[in-house]
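Nothing in this text is a laboratory measurement; each read-out follows from the coordinates by a stated rule. What you are looking at is a predicted structure, and each value in this text was computed from that prediction instead of being measured. Here the Cβ is made from the backbone with ideal geometry for all residues, glycine too, and neighbour counts use every protein chain on show.
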Amino acid sequence: MLPLLVSVGQKVALWPTLYCLWATLAIGLAIALAGLSSESMTRLLVIVFLFGQIAWRSTWVQAVPWRTYKARFIGLGTVFAAVVEGFHMISMPVFLSLRIGGDTSLAQGLIHYALDLLFTLPAYLVIFAVIWGFITRYHFTLWQYIIVMGLAQALGDGGLFYFINAPGMLFFLPYPMTNYHAINVLPFLAVRDHLPQARSSSVCMYLAVPALMGMYMVCGAIIKLLGRVFGLETT
């Protein structure tokens, strides 16, 4: 992964390398402190999945005969989001009532997972449609995209209020960002060479952060409301 993501020609880019080192330290320390908890297992699965995507990226991209590059981007992103949602079923699913534990039967676990996806996948379709709008309008380098979209999704998906209440935990910011690296990096790599040439390099590209945060909040509010209606939201 590192040769692909942090190299520029024959040189190793400084800031991407520093971010990877920060992420490694933050995640390693978090797992060391928490031990092999369900959350730690989720994080390790996400990281393995991310590395597996990069290693077999050509296979992923060619797995489905996407009709358009927009469909490839949104489709891959949504599929990867579904996989990562599966990893979170053992720690923090969309509703705690759907958590899969050691005493959950296979059939019940599959039902819980299907219910989770029923609520979350429509939101991811919207989120990736919004990201598509930004990457077709603005020119993001690979690492601009990785950091901007990862930060926007991590903050939008509950991270903003968490870090406001616990600013000292900002050291561990790469920890939640890996969730979104695992669902949005490969889709970008799969289409970046086919994006419009006349894209702007305006600072307006960073409006992706508040835009995605807003979409997460709207989608999250709708999901929680529907969860209460159907008796799945217990808190």
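A few notes on this one:
- Its Cα gyration tensor gives segment 11-99 an equivalent ellipsoid; the semi-axes, largest first and in whole Å, are 26, 22, 10.
- If the chain linking residue 207 and residue 33 were pulled fully straight, counting 0.36 nm for each residue of separation and taking away their Cα-Cα distance, it would gain 59.1 nm.
- Using the Cβ-Cβ distance between residue 67 and residue 13 with R0 = 30 Å, the FRET efficiency computed as 1/(1 + (r/R0)^6) comes to roughly 0.30.
- Positive dipole terminus of segment 12-229, leading residue within 209, 32, 160 (C-beta point charges): 209
- For segment 47-146, the set of chymotrypsin sites (Phe, Trp or Tyr not before Pro) satisfying both a DSSP loop assignment and a count of at most 14 other C-beta atoms within 10 Å is given as 56.
- FRET efficiency for the residue 129 to residue 194 pair, using the beta carbon distance and R₀ = 25 Å, is estimated at 0.90.
- The simple spin-label model puts a point 7 Å past each Cα toward its Cβ; for residue 57 and residue 218 those points are separated by 3.1 nm.
- The Rg/Rh ratio for segment 66-111 is 1.16, where Rg is the radius of gyration of the alpha carbons and Rh is the Kirkwood radius.
- Tail weight of P(r) past 22 Å, computed on alpha-carbon pairs of segment 147-235, percent: 42 percent
- Dipole magnitude of segment 12-229 about its Cα centre (Cβ charges: Lys, Arg +1; Asp, Glu -1), debye to nearest 20: 520 debye
- Positive-end ranking of 118, 151, 176 along the dipole of the chain, with charges on Cβ about the Cα centre, is headed by 151.
- Phi-based couplings in Hz for segment 127-134 (Karplus 6.51, -1.76, 1.60; Gly and Pro marked x): 4, 6, 5, 5, 4, 4, x, 6
- Overall, the ratio between the Cα radius of gyration of segment 12-229 and 2.2 N^0.38 Å, rounded to two decimals, is 1.02.
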